[in-house]
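Report on the structure given below.
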Protein chains: 2
Amino acid sequence: MKGIRKIAPYIPGIQPSTAGMIKINTNENPYPPSPSVADVLKNFDSEQLKRYSSLDNLALKKALARKHDVHPEQLMIGNGSDEVLAFSFLAFFNSEDPILFPDITYGFYKVWADLFRIPFKEIPLNSTFDIDFSDYEELNGGIVIANPNAPTGLFKSAENIHSFLQKHADVIVIVDEAYVEFAEESMLPLLEQHPNLIIVRTLSKSQSLAGLRVGYAIGAPEYIAVLESIKSSFNPYSVDTLAEQLATAAVEDEAYYQKITDEICITRDWFSEKLADLDFRSLPSQTNFILSTHNELNMEELYQYLASENIFVRYFSKPERLNKFLRISIGTREEMEAVIEKITQYMK
Amino acid sequence: MKGIRKIAPYIPGIQPSTAGMIKINTNENPYPPSPSVADVLKNFDSEQLKRYSSLDNLALKKALARKHDVHPEQLMIGNGSDEVLAFSFLAFFNSEDPILFPDITYGFYKVWADLFRIPFKEIPLNSTFDIDFSDYEELNGGIVIANPNAPTGLFKSAENIHSFLQKHADVIVIVDEAYVEFAEESMLPLLEQHPNLIIVRTLSKSQSLAGLRVGYAIGAPEYIAVLESIKSSFNPYSVDTLAEQLATAAVEDEAYYQKITDEICITRDWFSEKLADLDFRSLPSQTNFILSTHNELNMEELYQYLASENIFVRYFSKPERLNKFLRISIGTREEMEAVIEKITQYMK
């Protein structure tokens, strides 16, 4: 057969579903979405679904514009940040020069570059697993940085990103802020000075809506319009009617989400200390997960033990630098207490 | 700025929303989705949304497999048939030879070919606006046919498609069956003999779920696996949890949809006769729309008149062969009676 594409796809974390499981392997939020999401759902008339969903997603854009203090035309909405990022690669990375991203980061960047045949170069994280911006000085066709980075959890400050954006003013720099609501600050204030900055966000983590598939980009209207033209050339209605209405309700309930985000950060810091008590070493996380290692434990075996105890964390056999770590999402305090208890038992 | 993509996107029909409007411009279904969709919605616990949606969409695949008498591994589910088609272009059209599709057909085929830089050739419909398969004999990298075709409404029989598939056995032939539930037969029985056949379906039209964004492909497991690998390389979770559950409920209620589909076909044939009484000439439609023209009327003016009367139909200023036609979706009998009444008034 002619013309068949062969490609190595992204491998997501497994999605087990067993009674009583503690699922802390894909950085989902342990708390339910805002009660206002449930209200909108309850009052939704299914007859609405016979019509196409909104082309401009204006209701959701307006809610997000209020939240982030930007204009609706600075926003593009997609089916999860995965779709927004995929469209961004198509929209902005069309140069002959390679795009740059860290060797250890969200695994999908490499997959999209492969899929769209975009030349790319992976820049190794430094010895402390941090991004060193001085390693990004070569000629390039664009840059993608997750901030905080995943699966390390490490964060770059706005000051750092500001000078980085200045240095690369001739290309689009995507800053993937999937986890930023668990971090000290967003790069949003840099937008005005840096038209080359595209920030990508998701409602999957901080808004407890992984199953609803809503993400968005924030940037200069000129480049957001390019992103919209790619969306309109691929799948113009990718955000369904229910997803838009429920996401809008979530975005409008900032108080609820502030509360659960604070809770998760407190649990994360508590969990990190408890791990330290057991001689684990964890990278300082500004996300809803912890990347942790232990000198005397085989992490793959610990991963398997926990799975046998109905606790699902993430183990990466590749790349080699990660295979001595586990990435553990932050669940509720009760869940993390159970995890500490099981690890303690395992170590005895 | 380096690397910015310029592209002419697909232009969808407008989505007006005024009180009392008759919206018959984007081939939506005038009837609500099955009552079982409303039931599932009512009982849906929004806390489910904190988890990622299903990666394999197995519940929906099983329901579709039962409906179509195929195996679940012959099915790939996507965010509307637009996403399924876009992924299919990426999966199957990677040859140096141009892909072929009619010059008058679903406008998105050209847009995807452009977006993915796939060489293509548009083959003119014949003088009766039909697809003439003898015009498709040149070397090609794949073929896309909408059957029934849009916006013509014309249908090719399984016998015709069978010999066409045999002649092009070395490439993938996509048959887009978006409207097939309003036509005399599906190409499903041809799948067993023709591994090069990929059928694409949508729940937007016949299942009254345009706003939910669910479509699917049916084909040989070997090529469906390629399509899944593209989905997993782009946006693995594109069908959200609500969409999958509601779509499954819809697919399982065949009796309801048979009833409303029959109703629409009866209204279509009645409407076509009424138009003929007013000296309109319509192509014989096997869809939920009618493409119609009139020797003495300017169709753009009629389109504008109807819009001013809160009736929205579709007018294509391009291509030239279409600009003497209107495409009118079939609404309820009451809606179509109102349309006939307004056209009669206009002609006086």
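Figure legend. Inter-residue proximity from the stretch A:149-171: first residues within 14 Å of chain B (Cβ to nearest Cβ), second residues in a helix (DSSP H, G or I) and loosely packed, with under 14 Cβ neighbours inside 10 Å, beta-carbon distance below 6 Å, spacing 6+ or different chains. No pairs are indicated. Restricting the stretch B:19-63 to residues that are buried (at least 20 other Cβ atoms within 10 Å of the Cβ) and among the basic types (Lys, Arg) leaves a set whose member that is farthest from the chain's Cα centre (by Cα) is B:Lys50.
Considering (1) at the interface with another protein chain (Cβ under 10 Å from one of its Cβ atoms); (2) more than 17 Å from A:Lys67 (Cβ to Cβ); (3) in contact (Cβ under 8 Å) with a residue 40 or more places away in the chain, the lone condition that A:Ser233 does not fulfil carries the number (3).
The number of residues in the stretch A:198-218 being basic (Lys, Arg) and touching a strand residue (DSSP E or B) at 6+ places or on another chain (Cβ under 8 Å) comes to 1. Looking across the stretch B:197-238 at every residue that is among the polar types (S, T, N, Q) and crowded, with 24+ Cβ neighbours inside 10 Å, the one that is nearest to A:Pro33 (Cα to Cα) is identified as B:Ser238. Here the condition is being assigned by TED's automatic domain parsing to the domain that holds A:Thr26, crowded, with 19+ Cβ neighbours inside 10 Å and in contact with a helix residue (DSSP H, G or I) (Cβ under 6 Å, 6 or more places away or on another chain); of A:Thr241, A:Thr248, A:Thr267, it holds for A:Thr267 alone.
Step by step: first the residues of the stretch B:1-18, then only those that are among the small types (Gly, Ala, Ser) and more than 7 Å from chain A (Cβ to nearest Cβ), then the one that is most open to solvent (accessible area, probe 1.4 Å). Which residue is that?
B:Ser17
Regarding B:Ala307, is this residue surrounded by fewer than 18 Cβ atoms within 10 Å (Cβ to Cβ), at pLDDT 95 or above and under 28 Å from A:Glu47 (Cα atoms)? In short, yes. Quick check: anything in the stretch A:222-234 under 24 Å from A:Ser329 (Cβ atoms) and either polar (S, T, N, Q) or in a helix (DSSP H, G or I) (or both)? The answer is no; no qualifying residue exists. Hey, any hits in the stretch A:4-27 for a residue that's in a helix (DSSP H, G or I) and either touching a residue at least 60 places away in the same chain (Cβ under 8 Å) or of a type outside the set (Lys, Arg) (or both)? No, every residue in the stretch A:4-27 fails to be in a helix (DSSP H, G or I) and either touching a residue at least 60 places away in the same chain (Cβ under 8 Å) or of a type outside the set (Lys, Arg) (or both). Residues that are touching a residue at least 12 places away in the same chain (Cβ under 8 Å) and within 7 Å of chain B (Cβ to nearest Cβ) are absent from the stretch A:57-77 altogether. Counting only residues that are more than 25 Å from A:Ile266 (Cβ to Cβ) and either under 20 Å from the mean Cα position of the chain (by Cα) or not charged (D, E, K, R) (or both), which one in the stretch A:311-335 is most open to solvent (accessible area, probe 1.4 Å)? The qualifying residue most open to solvent (accessible area, probe 1.4 Å) is A:Lys318. Report the residue count in the stretch A:164-193 for those that are open to solvent by less than 10 Å² (accessible area, probe 1.4 Å), part of a loop (DSSP other than H, G, I, E, B) and more than 20 Å from A:Tyr109 (Cβ to Cβ). Count: 0. Which of (1) in contact with a helix residue (DSSP H, G or I) (Cβ under 9 Å, 6 or more places away or on another chain); (2) more than 10 Å from chain B (Cβ to nearest Cβ); (3) not β-branched (Val, Ile, Thr) is the odd one out, the single condition A:Asn43 does not satisfy? Condition (1) is where A:Asn43 drops out.
Every residue in the stretch A:191-206 that is within 14 Å of chain B (Cβ to nearest Cβ) and over 10 Å from the mean Cα position of the chain (by Cα), please. Listed by number, the residues that qualify are A:His194, A:Pro195, A:Asn196, A:Leu197, A:Ile198. Checked against (1) within 14 Å of chain A (Cβ to nearest Cβ); (2) open to solvent by 10 Å² or more (accessible area, probe 1.4 Å), B:Ser272 meets all criteria but (1).
The values are calculated or read from the model by the stated rules, or taken from the named source; none is laboratory data. Note that the coordinates shown come from a computational prediction; the quantities given were computed from them, not determined experimentally. Positions of Cβ are generated from backbone atoms using ideal geometry, with glycine treated the same way; all protein chains shown enter the neighbour counts. Side chains included, ligands, DNA and RNA excluded: accessible areas come from the protein's heavy atoms. Shrake-Rupley method; radii C 1.70, N 1.55, O 1.52, S 1.80 Å.
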